[in-house]
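One structure below.
Quick note: the coordinates plus some simple rules give every number you see, no bench work behind them. Since the model is a prediction, treat every value here as computed from it, not as a measurement. Every residue, glycine among them, receives a Cβ derived from its backbone with ideal geometry; neighbour counts consider all protein chains shown.
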Amino acid sequence: MQNRREFLQQAGVIAAGAGLAGAAPQQAATAGGDWYGRPMRWFQLAFVEDDPGQYDPAFWLDYFKRIHADAVCLSAGGCVAFYPTKVPFHYRSKFLGDRDIFGEMLAGCRKLGMNAIARTDPHAAHQDVYDAHPEWIAVDENGQKRRHWADPELWVTCALGGYNFEFMTDVTIEIVRNYGVDGIFSNRWAGSGMCFCKSCQALFRDYSGHDLPRTADPLDPVRRQYLLWHEERLFDLWRLWDTEIKKINPNAAFLANAGGGALSGLDMKTIGTLAPTLFADRQARHGLMAPWANGKNAKEYGATLEGKAIAGITSVGLEEAYRWKDSVQNGDEIRLWMADGVAHNLRPWVTKFNAKPIDKRWLPPVEQFFNWHYRNEKYLRNEKSLAEVAIVYSQQSAAYYGRVVEDHALGYYQALVEARVPFDMAHDLLLDEDHVSRYRVLVLPNIAALSDRQCEQILRYVDAGGSIVATYETSLYDEWGKRRKDFGLAALFGASFEGRIDKKLQNSYLDIGKPHPLVRGLENATRIVNGVNWIHVKASSPLAANPLTLVPSYPDLPMEEVYARVPHTDTPGVYAREHGKGRVVYFPFDVDRTFWEILANDHGTLLKNAVAWTSRGEQPLSVTGKGLIDVSLWRQKSSITAHLVNLTNPMAMKGPLREIIPSPPQHVRIRVPKGSQVKAVRFLVNPGAPRYRTVNGFLEVEVPPIELNEAVAVDLV
Ligand SMILES: [Zn+2]
């Protein structure tokens, strides 16, 4: 161990190395004003313990320069410190010696003009921490202190007590004070599952008067209090770290690794108010994840970050459960993941663990994509989405009703990608006029748990001329997951709950009735398959149309018995009506979830038709041609850009890709914003000059075959 004098000497060396002037933090890359919106391309170098002395900083600095990365995230401390920390029990890399690899890289990145944030990871601690502060270690439900699941020499820390609130606060302060970084990005800061340590027990008892719950049932009142307390405690920690950071550098922030869609833990609405910028941490596909999942993540963050910059973290490696952290994915897979994120307003961020790269095949594809992004930055610095349809997502429905809501959302998402509809995601706690009046249609894919107030907001939205498409149990539960007697939105649906739900229906169908926009394309079908969960409802007013009717389930074996006992009914499979100036479509079954499960084309057609009918008119962007193309339309300062990401690939629904398969040509129509005129049109990928014309306020462009992606950029005057 070094003595204090040696520490100070070293600190002096570091200060010189990092270009510090006395105790004053070095200026960030953008002095004066927020820096958060500036960076367009991020690189994260996550050191491993044996990097010091064994990696080549020049290699990375050269690469950052070549890819035009303008911001960097570097590992500094927490579990392992990569600088000469003076905080007691802050474990230094045993390879660090008298080096400061964090400070060295930071100085190099700043010379390149990059913004720089420091990464901490507080989730694991070494034996000396355990010995000195056993109360900082997480405890399992059996009262045992938790060894780290992947590295048994380490201990899992409690996120809600002294370890984070005291020790990591000291670490955070030290890094910001010594290095003047633009922010602290903390990974795994929110704990590793429920903790039963004495501190958590005491804090929860103070909060609720109860012992920690032993059930995961969200309808249990103590469990509900636990969820609220847990979230409040983490937001307290967020605010504490942010406050301490700002005391030293007002232009820096705590940048939590947090957030996501319906299944994410912390409330995205609150996150949207706390975070000046955020990083969407879904690093690659795994299992059956669709190739548009990065774009979905982008839209979920965008719903509450409201115009703030969001970077999308991409891993160069495989993201499977086996955690091959030194692996490298196919370059086309990496590029497609980034392209889909960028199309939906993520700024690319590539992360590399281990500064001593083994397999270097990822370097050229990332360089190629980042350089494309750099060349076209002007058309990628978006100001707002021009989508007029939004799918609502609901963390409270996932928490208090059930995580199955995500399957409904995924089904509707897939249907709208197939239909090439530009759409956003909207957060269910932000359904006020300011947030939703710009949409013509809100899709509620089994948004089951809604408060009276939220239902009232949706009613007002429709009264004001908006339209909704809702499925299955939407609004049948309150915000705590308690079932209502009737839908909160019964007045809009024109239907009331009859108290019965049939689950896992076998061999049930829907008859196609008289021609109607909702069954367009299914006229020759006569019958299509039903969903598998059916909710019994009763029309509360005469139906204007009944284009889809139930054929009840009948035996599917023995084969001799497979015939409909009740061949026809009048029971509606969809309620479609005008309400004031808006339109409402309600499906009393899980059409979206079933679509996600079996991907039957007919269900996709119903979902697509429902949005088309409620939209009342053409979308601001339409793309015609064969293939699976994910689209979006964004406004920049003096341009609009339409993105077409080519997902047409045999590995679209289960990665990874083998190669990019070019799509056929596409015909694109883009609505020219009112009051603007087209000055110039360019492709951001194809080197050719676009053939285009303007007809009745729409720009029409023929897009040649698309490899990875194309973007049609329209300069406006
Ligand atoms: Zn604890």
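Quick notes on this structure:
- Fraction of beta bridges assigned by DSSP in the chain that are antiparallel (%, nearest 5): 55 percent
- Based on C-alpha pairs under 8 angstrom that are at least 6 apart in sequence, the chain has a relative contact order of 10 percent.
- Backbone HN-Hα couplings from phi across the range 483-494 [Karplus 6.51/-1.76/1.60, Hz, Gly and Pro as x]: 6, 8, 5, 9, 4, x, 10, 3, 5, 7, 5, x
- Whole-Hz couplings from phi, Karplus 6.51/-1.76/1.60, listed for the range 107-124; x for Gly and Pro: 4, x, 5, 5, 4, 7, x, 7, 6, 9, 10, 9, 9, 10, 9, x, 7, 9
- Prolate/oblate/rounded label for the range 142-280 (Cα gyration tensor, a/c 1.5): prolate
- Rounded, prolate or oblate (a/c below 1.5 giving rounded, otherwise prolate when a/b exceeds b/c) for the range 388-442 by Cα gyration tensor: oblate
- Normalised alpha carbon radius of gyration of the chain [divisor 2.2 N^0.38 Å]: 1.02
- Relative contact order (%) - criterion: Cα under 8 Å, at least six apart; region: the range 659-705: 51 percent
- The count of lysine pairs in the range 282-420 that are at least 8 places apart or cross chains, and whose C-alpha atoms lie under 16 Å apart, stands at 7.
- With K and R counted +1 and D and E -1, the other residues having a Cβ less than 15 Å from that of PRO673 yield a net charge of +4.
- Residues with amide H under 5 Å from that of ALA426, placed H, sequence gap 5 or more: ILE391, VAL392, TYR393
- Cα centroid separation - the range 485-528 against the range 59-104, whole Å: 58 Å
- Cross-link partners for LYS86 among the lysines, with Cα-Cα distance under 23 Å and sequence neighbours closer than 8 places in the same chain left out: LYS94, LYS246, LYS247.
- Cα gyration tensor, the range 223-282 - rounded (a/c under 1.5), prolate or oblate: oblate
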